[in-house]
Amino acid sequence: MEEYLKKEDFFFERDENGSLLPIEVTLKALPNKPKAMVTPICKGELSKLMVDTKGETDLNTDVKIVVGHSVNPKFEEKDIEELNSKGKSLMINALSTAILSISLNVEQEVLLEAGKRKVIESELDELKKK
């Protein structure tokens, strides 16, 4: 028997109150590739976030994504402020990449490469100014 297309397969799962259910993700940007529970970002919320954070650093935008969508472990801004700079960059990058990956249905590796390219382009622009 053929299986019919189900529109539910294309939506994020929600509970009875309409809240998005957490999804387990592997943090591929970290060496030991631990798992975490996160909620996806709906496209409307993502568009608003991009407008609201225009002109801010990528790290600040990533912090807002992690604070708003990390579930287990749950990170608050005060937790992130207490991390050392290396740990902060690694963890924020890994979690925000995983959240965006499930939200946009794009492989984490693609997002990581796009991020690296963006940093390289920024560095090259700074060199041109000198």
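Out of the residues in the stretch 109-130 that are of a type in the set (D, E, K, R) and at pLDDT 80 or above, state the one that is nearest to Met37 (Cα to Cα).
Across the stretch 109-130, the extreme among qualifying residues is Glu109.
So which of Ser85, Ser96, Ser101 is within 21 Å of Pro22 (Cα to Cα) and out of contact with any Ser or Thr (no Cβ under 9 Å at 6 or more places or on another chain)?
Answer to the selection: Ser101.
Quick one: Pro73 ticks every box in (1) over 18 Å from Phe12 (Cβ atoms); (2) free of Cβ contacts under 8 Å to residues at least 40 places away in the same chain; (3) touching a helix residue (DSSP H, G or I) at 6+ places or on another chain (Cβ under 8 Å) bar one, so which box is it?
(3)
Out of the strands (runs of 3 or more DSSP E) lying entirely within the stretch 1-97, which hold 2 or more residues that are within 13 Å of the chain's Cα centre (by Cα) and either of a type in the set (Phe, Trp, Tyr) or crowded, with 16+ Cβ neighbours inside 10 Å (or both)?
Hits in the stretch 1-97: 23-26, 35-38.
Kindly indicate which of Leu21, Leu30 is in contact with a Phe, Trp or Tyr (Cβ under 8 Å, 6 or more places away or on another chain) and either in contact (Cβ under 8 Å) with a residue 12 or more places away in the chain or hydrophobic (A, V, I, L, M, F, W, C) (or both).
Sole residue among the options that is in contact with a Phe, Trp or Tyr (Cβ under 8 Å, 6 or more places away or on another chain) and either in contact (Cβ under 8 Å) with a residue 12 or more places away in the chain or hydrophobic (A, V, I, L, M, F, W, C) (or both): Leu21.
Any idea which of Val106, Val51, Val66 is among the β-branched types (Val, Ile, Thr) and at pLDDT 85 or above?
Val66
Exactly one of these conditions fails for Ile102: (1) part of a loop (DSSP other than H, G, I, E, B); (2) of a type in the set (A, V, I, L, M, F, W, C); (3) under 15 Å from the mean Cα position of the chain (by Cα). Give me its number.
That leaves (1) as the condition not met.
Every residue in the stretch 1-47 that is farther than 15 Å from Ile99 by Cβ, of a type in the set (Ser, Thr, Tyr) and modelled with pLDDT of 90 or more, please.
The one that is farther than 15 Å from Ile99 by Cβ, of a type in the set (Ser, Thr, Tyr) and modelled with pLDDT of 90 or more: Ser19.
The values are calculated or read from the model by the stated rules, or taken from the named source; none is laboratory data. Keep in mind the model is a prediction, meaning the values are calculated, not measured. Every residue, glycine as well, gets a Cβ built from its backbone with ideal geometry; the counts of neighbours run over all protein chains shown.
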